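Undergrad: Quick one: the structure is below, questions incoming.
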Ligand SMILES: NC(=O)c1ccc[n+]([C@@H]2O[C@H](COP(=O)([O-])OP(=O)(O)OC[C@H]3O[C@@H](n4cnc5c(N)ncnc54)[C@H](OP(=O)(O)O)[C@@H]3O)[C@@H](O)[C@H]2O)c1
């Protein structure tokens, strides 16, 4: 019998991250590690999710600010590493551990956007790949956006990227940390952040391949969260359905999807086309 899957979610206190945590816990019997930059908000969210549910699943919380490398490293050493080690020790070799890089910001400054949406998920994924015990199965799901498609970026930047495509996730993290906006044809920071996250998905997928760790990006569509606004055409449920399609996919299917971006109806699309 397979052990219960564990899903780790960043920015799980509201929006898509909250609703995904809620449904995975209540309906799909996943153990959850719900993280938020404000630990009190993480605890409140976990209390709401678990209230009245007695299905034997566990929901833990941890503080994690993905815009801070200090916070990420502390989370990894104090929370994630011990938790994964204890799972491995229990002999739950069948356990699937999924990291959902969900936390993100829109409409904010250049540096802050790249740090939160690219540098943070890059470092967290790197650490996850490094410390995941060999006996556990792993998966990474990155939250991207159609705004990250090449069609939504300046051609000067695309030419730069095509001439010298990034070779490693660390190179992307370095670019995202060092670029100035005018060096990229004044790209919209959010669009660029999601474009780079797609590249990172491809590169981490190559690394994960040998260990059968799938790395997938999912575009939830424009939906009615605080970020999407109440005028968005899609519901939170429609966004969550797209996320669930990747988190719940079986291992074989998930490996076939690794490195790609998935949107409407669980279909994959070409985000480099312009
Ligand atoms: N909604 C859409 O239409 C849409 C479309 C495409 C892609 N997406 C992507 O889907 C993901 C979730 O979006 P959403 O619509 O649920 O957004 P949301 O309602 O604005 O929620 C964003 C979540 O991210 C957290 N967050 C922001 N910065 C953080 C940081 N530095 N450290 C930790 N957590 C942080 C927020 O926490 P606080 O409460 O502390 O701020 C919140 O929990 C994002 O990556 C977004 O880019 C959304």
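Each value in this text was obtained by applying a stated rule to the coordinates, not by laboratory testing. Since this is a predicted model, take the numbers as computed values, not measurements. Heads up, the Cβs are rebuilt from the backbone with ideal geometry, glycines too, and the neighbour counts pull from every protein chain shown.
Undergrad: Inside segment 109-124, can you point out the residues that are more than 13 Å from the ligand (Cβ to nearest atom) and surrounded by fewer than 23 Cβ atoms within 10 Å (Cβ to Cβ)? Don't jump to the end; show me each part of the working.
TA: Here is the first cut: in segment 109-124, the ones more than 13 Å from the ligand (Cβ to nearest atom) are 110, 122.
Answer for segment 109-124, where residues must be more than 13 Å from the ligand (Cβ to nearest atom) and surrounded by fewer than 23 Cβ atoms within 10 Å (Cβ to Cβ): just 110.
Undergrad: Of all residues in segment 93-108, how many are surrounded by 12 or more Cβ atoms within 10 Å (Cβ to Cβ) and out of contact with any strand residue (DSSP E or B) (no Cβ under 9 Å at 6 or more places or on another chain)?
TA: 3
Matching residues to (1) within 15 Å of the ligand (Cβ to nearest atom); (2) closer than 27 Å to residue 28 by Cα:
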site: 189; (1), (2): yes, no
site: 194; (1), (2): yes, no
site: 207; (1), (2): no, no
site: 214; (1), (2): no, yes
site: 219; (1), (2): yes, yes
site: 240; (1), (2): yes, yes
site: 267; (1), (2): no, yes
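Undergrad: Continuing with this model, one more query. When you check residue 102 against the structure, is it within 9 Å of the ligand (Cβ to nearest atom) and either without any contact (Cβ under 8 Å) to a residue 24 or more places away in the chain or more than 15 Å from residue 8 (Cα to Cα) (or both), yes or no? Before you say what the answer is, go through the steps one by one.
TA: Numbers: within 9 Å of the ligand (Cβ to nearest atom): yes; either without any contact (Cβ under 8 Å) to a residue 24 or more places away in the chain or more than 15 Å from residue 8 (Cα to Cα) (or both): no.
Criteria not met by residue 102.
Undergrad: Scan (1) closer than 16 Å to residue 144 by Cα; (2) part of a helix (DSSP H, G or I); (3) within 16 Å of the ligand (Cβ to nearest atom) for the single condition residue 177 breaks and write down its number.
TA: Just one mismatch for residue 177, condition (1).
Undergrad: Within segment 218-231, can one find any residue that is in contact (Cβ under 8 Å) with a residue 24 or more places away in the chain, surrounded by fewer than 23 Cβ atoms within 10 Å (Cβ to Cβ), in a helix (DSSP H, G or I) and in contact with a strand residue (DSSP E or B) (Cβ under 9 Å, 6 or more places away or on another chain)?
TA: no
Undergrad: Still on this structure: Restricting the first residue to segment 69-84 and requiring it to be within 15 Å of residue 130 (Cβ to Cβ), which pairs with a second residue that is assigned to a helix (DSSP H, G or I) and more than 16 Å from the ligand (Cβ to nearest atom) meet a Cβ separation below 8 Å and a spacing of at least six or different chains?
TA: If the second residue must be assigned to a helix (DSSP H, G or I) and more than 16 Å from the ligand (Cβ to nearest atom), the pairs left are 76/131; 80/131; 81/131; 84/131.
Undergrad: Considering only residues that are within 10 Å of the ligand (Cβ to nearest atom) and more than 17 Å from residue 21 (Cα to Cα), which ones fall in segment 242-265?
TA: Taking segment 242-265 as the starting set, the residues that turn out to be within 10 Å of the ligand (Cβ to nearest atom) are 242-243, 263.
Once the filter is applied, which keeps residues that are within 10 Å of the ligand (Cβ to nearest atom) and more than 17 Å from residue 21 (Cα to Cα), segment 242-265 yields only 263.
Undergrad: How many of the residues making up segment 1-35 are surrounded by fewer than 24 Cβ atoms within 10 Å (Cβ to Cβ), away from the ligand (no atom under 14 Å from the Cβ) and in a helix (DSSP H, G or I)?
TA: Residues meeting the conditions: 2.
Undergrad: While we're on this one: Looking at segment 145-162, I want the residues that are closer than 21 Å to residue 222 by Cα and without any contact (Cβ under 8 Å) to a residue 60 or more places away in the chain and have a partner that is within 16 Å of the ligand (Cβ to nearest atom) and part of a helix (DSSP H, G or I) with Cβ atoms under 7 Å, at least 6 apart or on another chain. Which pairs are those?
TA: So the pair list comes out as 147/190; 147/191; 147/194; 152/191.
Undergrad: Something else now. Taking the stated definitions as given, is residue 83 closer than 30 Å to residue 146 by Cα and either surrounded by 18 or more Cβ atoms within 10 Å (Cβ to Cβ) or out of contact with any helix residue (DSSP H, G or I) (no Cβ under 6 Å at 6 or more places or on another chain) (or both)?
TA: Numbers: closer than 30 Å to residue 146 by Cα: no; either surrounded by 18 or more Cβ atoms within 10 Å (Cβ to Cβ) or out of contact with any helix residue (DSSP H, G or I) (no Cβ under 6 Å at 6 or more places or on another chain) (or both): yes.
For residue 83, the condition - closer than 30 Å to residue 146 by Cα and either surrounded by 18 or more Cβ atoms within 10 Å (Cβ to Cβ) or out of contact with any helix residue (DSSP H, G or I) (no Cβ under 6 Å at 6 or more places or on another chain) (or both) - is not met.
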